[in-house]
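Nothing in this text is a laboratory measurement; each read-out follows from the coordinates by a stated rule. As the structure is a computational prediction, the values presented were derived from the model and not from experiment. Cβ coordinates were reconstructed from backbone atoms using ideal geometry, including for glycine residues, and neighbour counts include every protein chain displayed.
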Amino acid sequence: MDKFLITGGTPLNGKISISGAKNSALPCLAATLLTAETITLHNVPYVKDLITQRRLLEDLGATVLTPELRTHKVSASNIEIFEAPYELVKTMRASVLALGPLLARFGQARVSLPGGCAIGTRPIDLHLKAFEQLGAKVSLESGDVVARAPKGRLIGADVNFEKVTVTGTENVMMAAALAKGKTTIHNAAREPEIFDLAELLNKMGARVRGAGSETIEIEGVENLSGAQHTIIPDRIETGTFIVAAAITQGNLEITNCEPAHLKAVIEKLRETGVEIEELNQSTLSVKCCPQGLKGKNVTTEPHPAFPTDMQAQYMALMTQAEGDSVINETIFENRFMHASELVRMGADIQISGNSATVHGKTQLMGAPVQASDLRASASLVLAALAARGETVIDRVYHIDRGYENIVRKLSSVGANIKRINDSSEQKTAEQKTAEAV
Ligand code: EPU
């Protein structure tokens, strides 16, 4: 199993470029199932979750060509299977995004019901209730969700989400795009990824209005056609690298990003003392303040508020800020797994329910730690970059799911980070012994 070996204490300096957004590329790839014509997606990040999503499309019968590493040309003209099996869904929950498009285009879908994961129980009841509102018959058979549109086509309806759900909103948008009549989604998620998906759907001939607001209206059409689309930059990767600059007291220029998509993150980090300048619409310059960081409280909430996907990285940063900071996690019930690993590195953090209090500032020390989910891994990388000595992060397959080339990107700005696996670790140990002898 691969690990990261990080020696901390070097300020990061230089330019770092942002990849396409994982959480936008995932629904956009699922949307290719809505048409028999070819969809070309550019700026798809080369990360494990996207490789899994591609495999899902291919298993269903789609052809996926990659004329360039980050360009996917998908033709779903020969879909013969309408099923996402447990083997795939258990490795990636976003496979549930196949439900909406399959149900809309073929009137049937079978997708394994995802179980809980490291950050919470994460049910999909709201997706299923919404499909029922669009006329689908939904049942659970041997652990699979089986959905059917009685006369082969969904019917537009009013969908009122009792809780904001990102993939739920995306699934319903895709399902409604081919439904008969109009669908209105109330209490829709407003993440930039929702807007990006709506852009793609509209390029395919869908009629989606209001994406990015609480109410999305979709006028169903008979057919959708081919289109080309470029995925937006990853706002969470951007936020992670802003923290990387700040936590190492470095100076980074972050290019190919979209600062407008992470206003709440930029605002909060500025409050703590991080100096962030918008050089132009897609470039940020980040420096840590000479007078040091101040602890500030934060609460995660749906967009446009502070995202849960930046909570772990923010916690790592707060270990380096003077004073207390209270971090409230309101989206997922179990998203503090990184806290105990940060404590192993010398952080002073107390957890009470959905609230974590970080008492700063503490000197972080390198230690062996274990990643528990994607963003938790990112927070451990950040802490390790600031720590004195060597940190070995185990289970970095989590980070491979969503951060493209993180080792290469961080090394290029001066970080001392290496990927090792058990055999190379063994070799290093052997080499060390040989040298010692
Ligand atoms: N929820 C329900 N029932 C549902 C759907 C959601 O109770 O049917 C609850 C969830 O359990 C959670 C809350 O509603 O408590 C919000 O969940 P949401 O559905 O918005 O999350 P998601 O769509 O499963 C996406 C991202 C996550 C990100 C969340 C929140 C993708 C592929 N995943 O998940 O990204 O944390 O929105 O912003 O878009 C990540 O990238 O590391 C990641 C976990």
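Structure notes:
- Relative to the dominant Cα principal axis of the chain, helix 166-177 is inclined by about 20°.
- 11 Å cut-off, amide nitrogen to a point 7 angstrom out along Lys418 Cα→Cβ, residues in region 1-28: 5-7
- Note on the chain: Cα Rg divided by 2.2 N^0.38 Å, N the number of residues, gives 1.00.
- Cleavage-rule hits (chymotrypsin sites (Phe, Trp or Tyr not before Pro)) in region 1-94: DSSP loop, at most 16 neighbouring Cβ within 10 angstrom: Tyr46
- When His127, His42 are sorted by how many other C-beta atoms sit within 10 angstrom of their C-beta, beginning with the fewest, the order is His42, His127.
- Förster radius 35 Å - calculated FRET efficiency between Arg209 and Glu275 (Cβ-Cβ, nearest 0.05): 0.35
- The length gained on full extension between Asp125 and Gln291, counted as 0.36 nm times the residue separation minus their Cα-Cα distance, comes to 54.9 nm.
- Taking trypsin sites (Lys or Arg not before Pro) in DSSP loop conformation with at most 11 other Cβ atoms inside 10 Å as exposed sites, the chain has its longest uninterrupted site-free stretch at 164-437.
- Diffusion of region 1-160 by Stokes-Einstein, at 25 °C in a medium of 0.890 mPa s and with Rh set to the Kirkwood radius over alpha-carbon pairs, works out to 142 µm²/s.
- 0 to 90° range, to nearest 10: angle between helix 48-60 axis and the chain longest Cα axis: 20
- Relative contact order [Cα under 8 Å, 6+ residues apart], the chain, whole percent: 20
- The simple spin-label model puts a point 7 Å past each Cα toward its Cβ; for Val326 and Thr91 those points are separated by 4.3 nm.
- Positive contributions from Lys and Arg (+1) and negative ones from Asp and Glu (-1), summed over other residues with Cβ under 12 Å from the Cβ of Ile276, come out at -2.
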